[in-house]
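As structure tokens, the structure follows; a few thoughts come after it.
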Amino acid sequence: MNNDRPSPESLDVEPAAALAALSPAVQLTLDAERVLEARRAWSYTSARPLTEVSSKLSGTEGATLLAGLAALLARYTQQTDVAIDLIELRTGETSLLTSIVLSPSGEQTFASLTERAQASIQQGRAAPGSVSSNVALVFAREAMSGSTLDLTLVSSRHDLHFIVHEEGDRTSLVVGYDSALFRETTIERWALSFGILLAAALHDAELRVDALPLLSSSEVTALELVCVGRASDEQDEPVLLRFERFARELPNAVAARHRTQTLSY
């Protein structure tokens, strides 16, 4: 790691200026429209124990966690390149370690992605102070205060902080997020997926990135049950004809809805 680290003050910038400089930003799906002039409204998930992870991490835990987060973001955003800032948080001190850009491909194994992450960390691809992402992986070396950490000194340019807290032989995850942009349920789902993905990757590092699970077994079962339909009746009107008939009869009815947007027939 490069020891020439910036002060906390040099990390804190206004969101508008930060977003203009992001390259390449992680194209996160937001639950609300971004207002560039708005101040951050930080919220935190409850600490989630990473039990399976704790027992298998070694001296390369930074690279393993970085590879896992890169794989998660690539799967959720379908981006080719994913930029992540690595930050270390200690009592009274916040340090940007480096900014990493990884390119997880679906056919790449997790072991290979971890090797690339380790090499990128060692090379320190970003110059000190050149924050290049809106997502940060934070290594918290201080004691937790309740279920949250005060990250006001980290950086206002980040939309998400994936905070990995180590205390003895226990490792836990807290996600800090801008509640003006994301719902709590969205962030909880990402945190759960991160733990599931990491556990599977550590169990079998030769799994391909596109084969790493994002859902729990109960969620998979629920989806499978939803997809089980009744046998088709040959006398049923074809779907296309039903759609056309409905469009003629009720052209202004809502056919599709996404958040606040609707599309009529």
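Annotation for ARG170 and ALA211: the two label points, set 7 Å from Cα along the Cα-Cβ direction, are 3.5 nm apart.
Shown is the FRET efficiency for ASP204 and CYS227, computed with R0 = 25 Å from the Cβ-Cβ distance and rounded to the nearest 0.05: 0.40.
Distance between the modelled labels on THR80 and VAL254, one decimal in nanometres: 3.8 nm (7 Å Cα→Cβ projection). Put simply, the amide H of LEU97, placed in the peptide plane, has neighbours under 5 Å in LEU86, ILE87, GLU88, leaving out anything fewer than 5 places away on its chain. Applying 1/(1 + (r/R0)^6) with r as the Cβ-Cβ distance of ARG189 and GLN122 and R0 = 22 angstrom yields a FRET efficiency of 0.10. Evaluating kT/(6 pi eta Rh) at 37 °C and 0.692 mPa s, with the Kirkwood radius of the stretch 167-265 over Cα pairs in the Stokes-Einstein relation, gives 178 µm² s⁻¹. Efficiency by 1/(1 + (r/R0)^6): what FRET value for ARG48 and ARG245, r their Cβ-Cβ distance, R0 = 51 Å, to the nearest 0.05? Approximately 0.55, to the nearest 0.05.
Every number in this text was worked out from the coordinates using simple rules, so none of it is lab data. Please read all numbers here as calculations on a predicted model, not as lab measurements. Because the Cβ atoms are built from the backbone with ideal geometry, glycine has one as well, and the counts that use them run over all protein chains shown.
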